[in-house]
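Working notes, beginning with the structure itself.
Any read-out appearing in this document is the output of simple, stated calculations on the displayed coordinates, not a laboratory observation. Values in this document were obtained by computation on a predicted structure and should not be read as measured data. Here the Cβ positions follow ideal geometry from the backbone for every residue, glycine too, while neighbour counts run over all protein chains shown.
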Amino acid sequence: MTPSDVKATLSFSDGSPSMDLPIYKGSIGPDVIDIRKLYGQTGKFTYDPGFLSTASCNSTITYIDGDKGELLYRGYPIEQLAQNCDFLETCHLLLYGDLPDEAQKKDFTARVSNHTMVNEQMQFFLRGFRRDAHPMAIMTGLVGALSAFYHDSTDINNPVHREIAAIRLIAKMPTLVSMAYKYTQGQPYMYPRNKLSYAANFMHLMFANPCEEYEQNDVLVRAMDRIFILHADHEQNASTSTVRLCGSSGTNPFAAIAAGVACLWGPAHGGANEAALNMLGDIQKMGGVEKIGEFIKQVKDKNSTVKLMGFGHRVYKNYDPRAKLMRETCHEVLGALGLQNDPLFKLAMALEKIALEDDYFVSRKLYPNVDFYSGIVQRAIGIPVPLFTAIFALARTVGWIAQLNEMIGDPEYKIGRPRQLYVGSVARDVKPITQR
Ligand code: SDX
């Protein structure tokens, strides 16, 4: 953080003493006004529900320019990473700050591969769930349960523990997600194949069965790997902020990541990919492309709670670069599968075109986000709709860990403890029940 020559001066119209607030500059993006001394000097809090104007931390990991529709992981544009790297290279970049060279990639891949299995006891947790349990309910439980097994990597303040917990979580998420899936299908769990790439191993875990050889489809493996890259990190979004706040109490990394899984599940956040595909299915049932106008009318109706799922973003006020890349992947995957006339994909592109010409969306700068097309790709790959957000959680685990470790590694970090504007009852006495 570089102190700016410019200061912010806070003055009060009632003549209370004014105060100068330092301003800090980042390497790119908006400056910040340091208000850490505000309460101590004025007895006043700032007020920013939803944190629309609040920077919770300084970070070197991911940068988003919402106006340009730009996303950088450690300075590398997402388009270049999606084109030239695979997910494990991206994990190395997010965790350690740079892309691996060949030797580093070999070593990192070997370390992750050595941790892909989960303790055999883990399977008994699943038996407690109904077979029709939502995969995110299962994942919230399983990820938290990891902290019951790995006592040699639960001390978040020990850098060695943080490192091994990071590798374990990245390695085991595909295994856990596939177990959540197989359990709902009544199929036996598959064991990881460590000779396969990360994405190919996930496809094996998901779609192989003990009775026959599973044949990999390279286009689908590449698409899965790209989906992981595009979802890996995204600055201080709701689930990442949850992981940081949870981890700031000193809890173990598995519990902090489980909190992130729980937050991501919400339809306003990671649950939007499942909601977006269900929305496309509903429009299809209404009559498809011809009914888009009627659906858009519902979205624009203030009295309806209908939203165009997969559209809009707190930061992007331009096209989400991930949505563009996801739409490209749609074309590749559907083409490779001979599904280029997939009705939902055609419906999604028609819906996007109509929305982007409608002033309601244009005036509010609502564009497709990462969740608008990701469901179509995942459905084409054979991923069931309820599992979409679990895949998002699998991919985002590396981002959550990188952000958590960055916070814990900062000697200045403190437990997060926001304050409030209290608007409730002033002090009053309890009356005996006969007088209430
Ligand atoms: C993710 O933060 C991240 O980085 C998240 C994420 C990541 O990688 O971690 O990018 C992943 O969560 C993507 C977003 C997925 N969610 C959805 O697609 C759900 C639909 N989108 C909305 O719920 C909404 O756009 C949010 C939650 C994403 C953003 O909400 P904001 O920033 O609080 O914006 P807002 O709700 O104040 O909306 C501003 C206006 C409102 O209308 P007015 O009150 O001005 O009349 O736009 C409207 C909203 O009603 N609006 C929408 C809309 N999104 C916003 N109207 C219709 N459909 C939508 N999708």
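In this calculation the C-beta distance from R131 to E163 is compared with R0 = 35 Å, giving a FRET efficiency of 0.40. By how many degrees, 0 to 90 and rounded to 10, does the Cα axis of helix 159-185 deviate from the longest principal axis of the chain? Taking the Cα atoms of the chain, the angle to 159-185 is about 50 degrees. Taking Cα centre as origin and charging only the Cβ of basic (Lys, Arg, +1) and acidic (Asp, Glu, -1) residues, the dipole magnitude of the chain rounds to 1420 debye.
Under a Cβ-Cβ cut-off of 14 Å, what is the net charge of the residues other than E79 that fall near it, where Lys and Arg count +1 and Asp and Glu count -1?
+1
With a Förster radius of 22 Å applied to the C-beta separation of T251 and F124, the computed FRET efficiency comes to 0.40.
Before rounding to the nearest 500, sum -39500 (n - 2.57) across all DSSP H runs of length at least 4 in the chain and divide by the residue total; then give [θ] at 222 nm in deg cm²/dmol.
Working: 18 runs with 214 residues, N = 436.
Per the formula, -15000 deg cm²/dmol.
Within region 17-33, which residues have the backbone N less than 13 Å from the label spot 7 Å out from K68 along Cα→beta-carbon, could you tell me? Under 13 Å, as judged by backbone N against the label point of K68, lie 27-30 of region 17-33. Helix 198-207 versus the longest principal axis of the chain: what angle, 0 to 90°, nearest 10, using Cα atoms? Approximately 60 degrees, to the nearest ten. Computed from the C-beta positions of M286 and K195 and an R0 of 45 Å, the FRET efficiency is 0.45 to the nearest 0.05.
Summarising the label geometry, the points placed 7 Å from Cα in the beta-carbon direction at Q298 and S4 lie 4.5 nm from one another.
Only one residue of S241, F108, I227 has its Cα farthest out toward the positive end of the dipole of the chain, where Lys and Arg carry +1 and Asp and Glu -1 on Cβ, and that residue is S241. For D65, D86, D14, D152, the sequence from fewest to most other C-beta atoms within 10 Å is D14, D152, D65, D86. Each peptide in 418-425, 247-254, 131-138, 260-267 receives the mean, over its residues, of other Cβ atoms within 10 Å, and ordering these scores from highest gives 260-267, 247-254, 131-138, 418-425. In this label model, M349 and S27 are separated by 3.8 nm, measuring between points 7 Å along each Cα→Cβ vector.
Non-local lysine pairs in region 296-436, meaning eight or more places apart or on different chains, with alpha-carbon distances under 30 Å, amount to 29.
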